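To keep things clear, I will list the structure first and then write my remarks on it.
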There are 2 protein chains.
Amino acid sequence: MKKTDLLLKNAHVVTMDDSFHLFPDGAVAINDGEIVSVGPTRDLLAEYQPEEILDCDGKVLIPGLINAHTHAAMTLLRGLADDRRLDVWLLGYIMPVEREFVTPEFCRLGTLIACAEMIHSGITCFADMYYFEDTVAEAVAEVGMRGVLGQTVMKFPSPDAESYEDSLAAAREFIKRWRGHPLIVPSVAPHAPYTCTEQILRDCTDLAVEFDVPLHIHISETLQEVEDWRETYDMLVIPWVKKLGLFEAKVLAAHCVHIDESEIHTLQHAGAGVSHNPSSNLKIASGFAPVTEMLEHGVHVGIGTDGAASNNDLDMFEELRLASFVAKATTHDPTAAPARQIMAMATRIGAKALYLDHLTGSLEAGKRADLVLVDLNTLHSRPHFDHDPDAIYSRLVYATKSTDVTDVMVEGRWLLRDRQLQTIEPEPSLRAAAEYAKRIDAFLIEREDSVVSKLVAIGGAEQEESYEVQIKVRLPEPAALIELLDSGDLDIVRSVHYREYDTYYTFDDPGQGRLRYREDEYIDEAGEVYNDRNRLTLIGPAAEREFAQSVLLSRSRYFAPATHSERFYREYFNPNHEFAIHKDRLRWLVRFREKEFFINIDRLLVPEIEGYFLEIKTRTWSRRDAEEKAGLILALLESLGLEGAQEVTQEYPDLVLETTS
Amino acid sequence: MKKTDLLLKNAHVVTMDDSFHLFPDGAVAINDGEIVSVGPTRDLLAEYQPEEILDCDGKVLIPGLINAHTHAAMTLLRGLADDRRLDVWLLGYIMPVEREFVTPEFCRLGTLIACAEMIHSGITCFADMYYFEDTVAEAVAEVGMRGVLGQTVMKFPSPDAESYEDSLAAAREFIKRWRGHPLIVPSVAPHAPYTCTEQILRDCTDLAVEFDVPLHIHISETLQEVEDWRETYDMLVIPWVKKLGLFEAKVLAAHCVHIDESEIHTLQHAGAGVSHNPSSNLKIASGFAPVTEMLEHGVHVGIGTDGAASNNDLDMFEELRLASFVAKATTHDPTAAPARQIMAMATRIGAKALYLDHLTGSLEAGKRADLVLVDLNTLHSRPHFDHDPDAIYSRLVYATKSTDVTDVMVEGRWLLRDRQLQTIEPEPSLRAAAEYAKRIDAFLIEREDSVVSKLVAIGGAEQEESYEVQIKVRLPEPAALIELLDSGDLDIVRSVHYREYDTYYTFDDPGQGRLRYREDEYIDEAGEVYNDRNRLTLIGPAAEREFAQSVLLSRSRYFAPATHSERFYREYFNPNHEFAIHKDRLRWLVRFREKEFFINIDRLLVPEIEGYFLEIKTRTWSRRDAEEKAGLILALLESLGLEGAQEVTQEYPDLVLETTS
């Protein structure tokens, strides 16, 4: 008789191994956190001398479920703003609240609550992507769950990093600290192609390869993303990231809703993992992922809950059922995504998608003891039929509720016994979360009158965080400069002439920003208007940093096409003040020492201000880049013969207000 | 102070009245099963002197949920056969099992279990359609739920009726017995257009109008149904039933998945109720009902679970979430079907769909006390945000589980208190159901080798229950008869000449039926083959009844297009015996005294049998009709001058086997 720590007996063991072995009266022997044997109860009782025997009383024993994509800490934003368009939800609610409230403490609380909810739902392992991931990892390790935890990196400042270099450095430190942990696999999470730059994706890939950790990223979640990629790059998203070398890393791609067959081949060929997130995709109306096709091509497709802010719960059994239902309905085939395959997605295949199938995802000797007991002796699960052995999978997928989970073990440690959490007491966290919710409610109620909310409420506002390095100088006479710019000595990419008719609405509270209604008239060489465009821009207060003479401006802006009349906007936003600026602008896009810069020669028509202004400006995404470009702007100014020109530090609205007041 | 039986206080009252009134600290006063007042706790405590006060402790108080379409007793077939095509599921499993097992006792048990499950899910009222509905009504009344219960009528023999006349008569008796009951509204349920005849639909409408009861019917559930209607009638289904006058009755139409805008207008104009059944439509891959469009047009669309055999549970909160998710995803609009509207569908609008909104569906003075307490102080529902008052609806729809329902009242009587059922003890029923399941398992396992299963397993078998009245006689010389038939004296609808090459597979167990592989060659006037067709038919043993010289044959047949080779079928079905019959057939379709009859003049080529055979046959759907047609066949035989002809009582295969053995 072999000695062992624990033997679970009299269970309906659903191994989820490659051959889908079932042991209707089965047992599992566990030693030192590892599964040492799985088989009929009678055989294991004969072979092992366990320190403890647990009678499972006919419950179903399954491997722990794998939640392949979530943002655990977002439980603190559960149901923050439902039934809203993605941009309104994200830009109008989630991001403003995250900017204001997300701290390490927020992430710790949110993660603890998420873990408690996930354990109740039979989840033993999840892939996370959020901020302050080091704090997240501490909470997860404390609770005793298994996680592939991704430190977010993106081009915008985030709650935990001012710049992408900072977040990349944090990701490196995070990976170094946690690699080798028995439960935690650290990873790097470039948020999505559209929130990163090519450089960020390249740097994240290098980091993931250097430490051999997974790279977790959102890919092709919405049709908009794919259309933007077609327009900008004339490419689909997956070929584009492939070209950048992303698949050199172990990629876990969340969503993959709008991908075609060639992209499915790429995912398969790369051995990439995919997380299918049915609730989230349905609730935000992202679309229907081609799950059946991905599985047919051998892609490792797991199932994820996504975050509670877009779901609104972390109920894995709900996701299983939905994953099957949606696959059937969209393929018009009720035999699609049968229950056994869905269970495989949530266990063995999900573990592959997270690059953890050597440790978890099935009940097999040699794997870690991550397992779940489910009580199917319930009202909603009876009667049941046994003529088809696969009926056990269909009971688990089509009728089981997460509340039927009674016991959960990870790495041989009980996290749930008889429906009682063992390693976490969620009440204090829930009370603290309620305090956060009150503060967030107050923040949102106060903002109710805010311009940005109103802009968002009328639909389609697009947010941009812009970072520009710029210099502005007085230019008494532009003729010589125009001649120089038109001479061909400089590398001119394109030039344009237009008039801008701006109406600014301002508010007593300067924090509301300025709302600009702008009509652009494009002027051809004969001086005729050949095109116009109206749009509305809400310009947040700029944060400035000076570099020699030039200035780094970071601003949040919300753009919306101005489809209504000026009168509508005046009535709707009810500004405290209003003023007009009309100007004539000649603009060149020039390449200078391999970077691109805009040069504007502006003349103010309303109010009339004598003379001309020269602006040189360029976009930037990182601190290092901004410093370099500030130097280049000075060099460019010099090469235009304007090194002594009178500097203007104000933006036009401030200049106008000062001049006219 | 007014006296009252009961006052529920300190609840978050979600009235679901027309103005969506909310009372965050609300109360409801109940007297004699009726809601007498709804308002702030403070106001009601000042106004009423209740015999009993129940402190709801901040729980959410909602009107009882309305399950707009189910087959309650089918809980006994829960998960009988999942992940299968609709025809295989229905014809291969559900119908054979129903034929064998559905009895009043079955319906009583299944209904009790369904009621228990529905009460736990917050359902207080449901619309049912099944067999032995009188037994169903007894069970529902005993449990104390409210129900619109429909006795099924259709053209096939059903577990509770040999013919449609029997079921129609049963429906009349059922309605007479139950009308006026405080909880039960009896109704008539012609199963679906494709399982009824025009006459049946007309008779059911008349019955519903006579007693002013709802008429419950499946409409446009699958694309196949709509395509069949287009092909057969050149019409969509709803215009077709409208033409028959169906909307003279108070129609409750289940599914309405494949309907167009004009059909939506018809439903709206008729004031018809619709049940949207998201789980069922997704799981069977029926399609996506145009729920948003129906609601926009003012159609009363409730939400239904459908039966447990196609769902596999009766979890109303799951259906609410799905109804919202599916509407959002299919319209690509996350603002579609917002939580408040979904809650209205499940309560007030659902009550309208069932023609019960004067009694239930909202918490308003004057309605019956059908209500539910839900505990939202759960891990999966916290934290929560209050900046938007509609957040309460979104918590109910997007995060609540049916297990959060703690108390349920119907007509002032508690059916659930603190999650404990009060009027039903489901364990004995569940044990009895387990016995049924064992017997059904045995039946299906025994059938595992059956020809019909195998036929169904290779896909696309279509079942037909055929009822034919026929006579067959010897015809030594057909020339005179052919001349008569071609003379124009009779009313010939059409005639055709073909050769039938049949191979019969038979089995040692005659109960398996005979499997026929038939190749038809159609012959033109020049004697050339101009078309052919292969098909496979499994012919069950015929039940016979004699009428004078003619015979009523009822047979179940399964048809499948024979897309594989004869060799494939021989290997696949592995018959014990095999024989061939080839015959030359001249066939006329004639109208005789306003009925249609087939006249066949057959000559057997293989095996060669001397002489000719004359068959006269006609389809029938009811006993009365069969008797009448039997008389007409004799008259037709006489008018063909064959009254003395030698009768043949055997069908060709039996004749051949006898002749050749």
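The values are calculated or read from the model by the stated rules, or taken from the named source; none is laboratory data. Quick caveat, the model's predicted, so the values are computed rather than measured. For neighbour counting, all protein chains shown are included, and Cβ atoms are generated from backbone atoms with ideal geometry for every residue, glycine included.
Below are the figures for this structure:
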| read-out | value |
| --- | --- |
| Any hit, the stretch B:269-286, residues being farther than 17 Å from residue B:214 by Cβ and away from every other protein chain (no Cβ under 14 Å) | yes |
| Breaking point among (1) within 32 Å of the chain's Cα centre (by Cα); (2) hydroxyl-bearing (Ser, Thr, Tyr); (3) within 9 Å of chain A (Cβ to nearest Cβ), for residue B:381 | (1) |
| Filter result for the condition that a residue is among the acidic types (Asp, Glu) and more than 10 Å from chain A (Cβ to nearest Cβ), over B:390, B:357 | B:357 |
| Single unsatisfied condition, residue B:520 versus (1) modelled with pLDDT of 90 or more; (2) under 37 Å from the mean Cα position of the chain (by Cα); (3) of a type outside the set (Gly, Ala, Ser) | (1) |
| Residue list for the stretch A:1-15, filter: in a strand (DSSP E or B), surrounded by fewer than 23 Cβ atoms within 10 Å (Cβ to Cβ) and among the hydrophobic types (A, V, I, L, M, F, W, C) | A:6 |
| The stretch B:225-238, residues that are surrounded by fewer than 24 Cβ atoms within 10 Å (Cβ to Cβ) and either touching a residue at least 40 places away in the same chain (Cβ under 8 Å) or within 21 Å of residue B:291 (Cβ to Cβ) (or both) | B:225, B:226, B:236 |
| Residue selected from the stretch B:54-85 under the condition farther than 15 Å from residue B:280 by Cβ, outside any strand (DSSP E or B) and in contact with a His (Cβ under 9 Å, 6 or more places away or on another chain), by the criterion nearest to the other protein chains (Cβ to nearest Cβ) | B:58 |
| Check on residue A:587, modelled with pLDDT of 90 or more, surrounded by fewer than 17 Cβ atoms within 10 Å (Cβ to Cβ) and touching a helix residue (DSSP H, G or I) at 6+ places or on another chain (Cβ under 7 Å) | no |
| Pair list, Cβ < 7 Å and 6+ apart or interchain, from the stretch B:109-138 residues that are in contact (Cβ under 8 Å) with a residue 24 or more places away in the chain and more than 14 Å from chain A (Cβ to nearest Cβ) to residues that are basic (Lys, Arg) and surrounded by 24 or more Cβ atoms within 10 Å (Cβ to Cβ) | B:124/B:146; B:125/B:146 |
| Residue among A:397, A:372 that alone is more than 10 Å from chain B (Cβ to nearest Cβ), within 35 Å of the chain's Cα centre (by Cα) and β-branched (Val, Ile, Thr) | A:372 |
| Residue check for residue B:258: farther than 27 Å from residue A:320 by Cβ and within 14 Å of chain A (Cβ to nearest Cβ) | yes |
| Single condition residue A:73 does not satisfy, out of (1) more than 25 Å from residue B:394 (Cα to Cα); (2) touching a Cys at 6+ places or on another chain (Cβ under 7 Å) | (1) |
| Looking only at the stretch B:186-217, and only at residues there that are in contact with a Ser or Thr (Cβ under 8 Å, 6 or more places away or on another chain) and assigned to a loop (DSSP other than H, G, I, E, B), the one that is surrounded by the most Cβ atoms within 10 Å (Cβ to Cβ) | B:213 |
| Candidates A:598, A:573 - the one that is closer than 26 Å to residue A:504 by Cβ, free of Cβ contacts under 8 Å to residues at least 60 places away in the same chain and either surrounded by fewer than 14 Cβ atoms within 10 Å (Cβ to Cβ) or not acidic (Asp, Glu) (or both) | A:598 |
| Selected residue [modelled with pLDDT of 90 or more and not aromatic (Phe, Trp, Tyr)] from B:526, B:461, B:433, B:457 | B:433 |
| Residue A:380 being surrounded by 23 or more Cβ atoms within 10 Å (Cβ to Cβ) and without any contact (Cβ under 8 Å) to a residue 40 or more places away in the chain | yes |
| Residue ID - farthest from residue A:433 (Cα to Cα), chosen from residues in the stretch A:316-348 that are more than 7 Å from every other protein chain (Cβ to nearest Cβ) and outside any helix (DSSP H, G or I) | A:336 |
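Yes/no per residue for (1) surrounded by 24 or more Cβ atoms within 10 Å (Cβ to Cβ); (2) more than 14 Å from residue A:69 (Cβ to Cβ):
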{"residue": "A:297", "(1), (2)": "no, yes"}
{"residue": "A:300", "(1), (2)": "yes, no"}
{"residue": "A:310", "(1), (2)": "yes, no"}
{"residue": "A:321", "(1), (2)": "yes, yes"}
{"residue": "A:328", "(1), (2)": "no, yes"}
{"residue": "A:335", "(1), (2)": "no, yes"}
{"residue": "A:338", "(1), (2)": "no, yes"}
